[in-house]
Each structure stands twice: as C-alpha cells, then as structure tokens.
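**Student:** The following block contains the structure, expressed as structure tokens.
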Amino acid sequence: MMIIAGNWKMNMDRASASALVKTLSAEIKPLTAHLDMIVFPPAVLIDTAINASPSSALAVGGQDCHFNANGAHTGDISAAMLVDAGCQWVLVGHSERRSDHGETNDIVAAKAEAALSAGLKVMICVGETLAERESGKANDVVAAQVLGSLPQDLPSDRFALAYEPVWAIGTGKVASPEDVDDMHNHLRAVLIGRNPDYAAVDILYGGSVKPDNAAGLLALANVGGALVGGASLKAEDFLAIANAAPHS
Ligand code: 13P
C-alpha cells in the first residue's frame, strides 16, 4: 500500500499537534482504504498525537531511536520506549540526523535492527547532497547508503525506503519527475539485487513535496509514497497530498 507520511521534525506544540491530528483523523478514513498514513512527531508529542487520534487510522512513529535497548544514553530514547508509547514506526537515517549527529550507515543499520527487534517498522532514509549530484555520483552514493543502512535479514514487510535528496529538503526545490523516476528505478534495482523479496517494498520520495507537485511524483511507477516535511504541518496541505495519490 502506498504510504503518505508527515515528518514534523522539531516543530509543533501540544495544542497545535492535537488540533492537527484531530483534523487529519476526521478526514482520512476514506484515504486509508488505499493509503497508509503516518505522522512522525517529536518524541514529547507522540503521546499527544496518539491521544488525539480516536481510531488507529493514523499511525504514529518516532523520528529516531537509539541502537541500544536501554542504558546510560542521556537524551536518547529506545525503540521499546516508542512501542510502549504506541508507535508503529520509526524513521532512521534522516539526512538531518546524518549531518547534525554524524550518523553513519553502520549506526543507521544498528538503529534499524534495534527497531525491528522491538517490533517497529522502519523507514530508512537516504539521499545525496547537491555536490554529489552535480559530480554525477548520486546513484553510487545512494546505492552505498542503501546497502550500508539496511540490516541483514530485514523482512520486506517491515520496512520502507525514503529517498530524500538533501538539496530538495526544505528548499522548495523539488526534484524533477524525471530525476525521481530515474533514482527510484535505480533504487528498485539496488533493493532487488540485495533481496528479490524487496520488489514490492515502498520507496517514498521526500523533499519539498507540496499539494501542487504531489500528483506528478506519486504517479511514477517506483514511487510508493511521500515523506513530507513542511507541508505535513498543515492539515489542508497534507490531506491534499494524500488526495493526489493514485488509488491503486
Ligand atoms: P520538506 O518537505 O520540508 O522539504 O522536508 C522533507 C523531509 O525531510 C521529510 O523527512
């Protein structure tokens, strides 16, 4: 099933989170017949988001987790804590984690493994910088991130991949449908090369997805959804993006 996910990043507060989730919950029932809808709030707003969602139609996920199950890691949260809070998903390897916190592919793979062990589904993020794209290395960089960030023996029904070119995140510069098509076809081949079972794994696109560009991106053969940042903070925009998704 195609996935429309909202990554709130370090935004919102309890009042705005509750209002947003209530509006989404009231509207998404018809959409969830053909879409998985997920929001990724900051950790302290997970409880608020879950309490504001009367049904389980809207899944909630964490934006990160530690690779250890517990212990002396001040400021971190474990995958089991996310499960305990009611999460079904976790993001790992977002480019902002990779750049702000120095997360390597090995760390991302360890986090994904910890999340799987705790019972979460993982959304593993990859994407090249502008310099890497301009030097013609985007395909190689992203393939190496995928191969390095996926844990061994990762079941196909427990993860999604998100391709988010760093230069398109928060910049308003969306990748062209041609570039997204090329990269997602490449990523499909990389996934299948790793494991033939990955033929149906959703590959989401992220980076300045907006109501006016969503339909063109979501219509592409190997685009299995959208990971939305800024536009996921407004119910109207997030719903318009979900409504732009094809029904099959
Ligand atoms: P924007 O949609 O704000 O560009 O953010 C994309 C993103 O990083 C989602 O994880």
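Nothing in this text is a laboratory measurement; each read-out follows from the coordinates by a stated rule. In this text the structure is predicted, and so the values were computed from the model without any measurement. FYI the Cβ positions are ideal-geometry reconstructions off the backbone, even for glycines, and counts take in every protein chain you see.
**Student:** Residues VAL180, VAL201, VAL166: which one is touching a Gly at 6+ places or on another chain (Cβ under 6 Å) and either more than 22 Å from MET10 (Cα to Cα) or not basic (Lys, Arg) (or both)?
**Tutor:** Numbers: VAL180 fails: touching a Gly at 6+ places or on another chain (Cβ under 6 Å); VAL201 fails: touching a Gly at 6+ places or on another chain (Cβ under 6 Å).
Of VAL180, VAL201, VAL166, the one residue that is touching a Gly at 6+ places or on another chain (Cβ under 6 Å) and either more than 22 Å from MET10 (Cα to Cα) or not basic (Lys, Arg) (or both) is VAL166.
**Student:** Can you find, within the stretch 120-150, the residue that is surrounded by the fewest Cβ atoms within 10 Å (Cβ to Cβ) among those that are among the basic types (Lys, Arg) and over 21 Å from GLN63 (Cβ atoms)?
**Tutor:** Among those residues, the one meeting the criterion is LYS137.
**Student:** Let me ask something else about it. Return the pair list, or none, for Cβ contacts closer than 6 Å from residues in the stretch 225-248 that are closer than 19 Å to SER16 by Cβ and near the ligand (Cβ under 10 Å from one of its atoms) to residues that are among the aromatic types (Phe, Trp, Tyr) and not in a strand (DSSP E or B), at least 6 apart or on different chains.
**Tutor:** Every condition considered, the pairs that remain are SER232/PHE238.
**Student:** If I ask for residues that are among the small types (Gly, Ala, Ser) and either more than 9 Å from the ligand (Cβ to nearest atom) or surrounded by 15 or more Cβ atoms within 10 Å (Cβ to Cβ) (or both), which ones from the stretch 162-172 would you list?
**Tutor:** ALA162, ALA168
**Student:** Which numbered condition trips up SER117, out of (1) touching a helix residue (DSSP H, G or I) at 6+ places or on another chain (Cβ under 8 Å); (2) touching a residue at least 12 places away in the same chain (Cβ under 8 Å); (3) surrounded by 14 or more Cβ atoms within 10 Å (Cβ to Cβ)?
**Tutor:** Unmet for SER117, out of (1) touching a helix residue (DSSP H, G or I) at 6+ places or on another chain (Cβ under 8 Å); (2) touching a residue at least 12 places away in the same chain (Cβ under 8 Å); (3) surrounded by 14 or more Cβ atoms within 10 Å (Cβ to Cβ): (3).
**Student:** Against the conditions (1) buried (at least 23 other Cβ atoms within 10 Å of the Cβ); (2) in contact with an Asp or Glu (Cβ under 7 Å, 6 or more places away or on another chain), where does TYR205 fall short? Just the number, please.
**Tutor:** (2)
**Student:** Tell me whether the stretch 99-114 contains one or more residues that are surrounded by 20 or more Cβ atoms within 10 Å (Cβ to Cβ), in a strand (DSSP E or B), in contact (Cβ under 8 Å) with a residue 12 or more places away in the chain and within 15 Å of the ligand (Cβ to nearest atom).
**Tutor:** no
**Student:** Say we look at the stretch 173-198 and pick out the residues that are part of a loop (DSSP other than H, G, I, E, B) and within 18 Å of the chain's Cα centre (by Cα); which of these is surrounded by the fewest Cβ atoms within 10 Å (Cβ to Cβ)?
**Tutor:** Residue satisfying both the conditions and the ranking: VAL174.
**Student:** Which condition number in (1) crowded, with 20+ Cβ neighbours inside 10 Å; (2) out of contact with any Phe, Trp or Tyr (no Cβ under 6 Å at 6 or more places or on another chain); (3) part of a loop (DSSP other than H, G, I, E, B) is the one that ASP212 fails?
**Tutor:** (1)
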